[in-house]
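All remarks here apply to the structure that follows.
The values are calculated or read from the model by the stated rules, or taken from the named source; none is laboratory data. Because the structure is a prediction, the values reported are computed rather than measured. Here Cβ is always computed from backbone atoms with ideal geometry, including for glycine, and neighbour counts include all displayed protein chains. Side chains included, ligands, DNA and RNA excluded: accessible areas come from the protein's heavy atoms. Shrake-Rupley method; radii C 1.70, N 1.55, O 1.52, S 1.80 Å.
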Amino acid sequence: MALEQILHDNPVIGTLFGEAGLEEFCAGPTRFSFVANQPLSRLDHVFSRLAEAPTLPLLNVDSVAGLTANADGLDYLKGVGVPGIVSTHSQAVARAAGMGMLAVQKVFVTDRSNLKRAAATVKASHAHFVQLMPWPVVPFVDRDFLEQLGPFIVAGFVRTEDDIRRAFDRGALAVSTSQSELWDFTL
């Protein structure tokens, strides 16, 4: 099944922070997920377990202490079963995409002055998707900028079903949240 269809059917991306709750996470409804704040020494165990679950997990490489997302680091990740990454670093995203991994470029919008730079970063990274943060800022961002990003996911402070609906009204492909009560939301 194509990733876009998975996200259409399950538009909320579950986020697992740390290893606590891994078993409940694996049993949850989310079919596409982000994984963050994992110890480098436990990545093989966590991704081995996630491989048994019906979810496609991507690792936020920026949140793994001791990991460098250079060619060796990405080779290691592929070797332990990490199918893709999320990062603010466009070079890491471009490198991962070039290695056949799914790559998500994380973009923080802090004010209007960084929008042009953010759009250029996304273009240079060759990301499959963009994770736009934080959600409460997105309604104030021009639609032209959002269209330049290509397929985007909103994250950060997504707390209610109304947040999810409003994100889709702004053109989001999906939302990501650690709020497990939102993971089974459907359109």
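Our helix-only sum for the chain, with -39,500 (n - 2.57) per DSSP H run of n ≥ 4 divided by its residues, gives a mean residue ellipticity at 222 nm of -10000 deg cm²/dmol. Computed over neighbours whose Cβ is under 13 Å from that of Arg31, the net charge equals -3, Lys and Arg +1, Asp and Glu -1. The value of relative contact order for the chain, using C-alpha pairs under 8 Å at least six residues apart, is 22 percent. Classify region 1-96 as rounded, prolate or oblate from the Cα gyration tensor: take a ≥ b ≥ c as the square roots of its eigenvalues, call it rounded if a/c is under 1.5, otherwise prolate when a/b beats b/c and oblate if not. Here region 1-96 falls in the oblate category.
Assuming charge only on the beta carbon of Lys and Arg (+1) and of Asp and Glu (-1), the dipole of the chain about its Cα centre is about 600 debye to the nearest 20. Once backbone amide H atoms are built at 1.01 Å from N, Phe34 has Gly14, Thr15, Leu16, Leu58 as its partners under 5 Å, excluding neighbours fewer than 5 places away on the same chain. The apolar share of the surface of region 110-167, taken as the fraction of accessible area on carbon and sulfur atoms (1.4 Å probe, ligands and nucleic acids excluded), comes to 53 percent. Using a probe radius of 1.4 angstrom, the carbon and sulfur fraction of the accessible surface of region 28-78 is 51%.
Bridgeable lysines around Lys78 (alpha carbons under 25 Å apart, same-chain partners fewer than 8 residues away excluded): Lys106, Lys123.
According to the square roots a ≥ b ≥ c of the eigenvalues of the Cα gyration tensor, what is the shape class of the chain, taking rounded for a/c under 1.5, prolate for a/b larger than b/c otherwise, and oblate for the remainder? Oblate.
Judged by the ratio a/c of the largest to the smallest principal axis of the C-alpha gyration tensor, region 96-180 counts as oblate, that ratio being 1.5 or greater while a/b is no larger than b/c. In the full protein context, the chain carries 47 Å² of accessible surface per residue, based on a 1.4 Å probe and ignoring ligands, DNA and RNA.
Based on Cα contacts under 8 Å between residues 6+ apart, region 26-111 shows a relative contact order of 26 percent. Sorting Phe108, Phe185 by solvent-accessible area of protein heavy atoms yields Phe108, Phe185, largest first, with a 1.4 Å probe.
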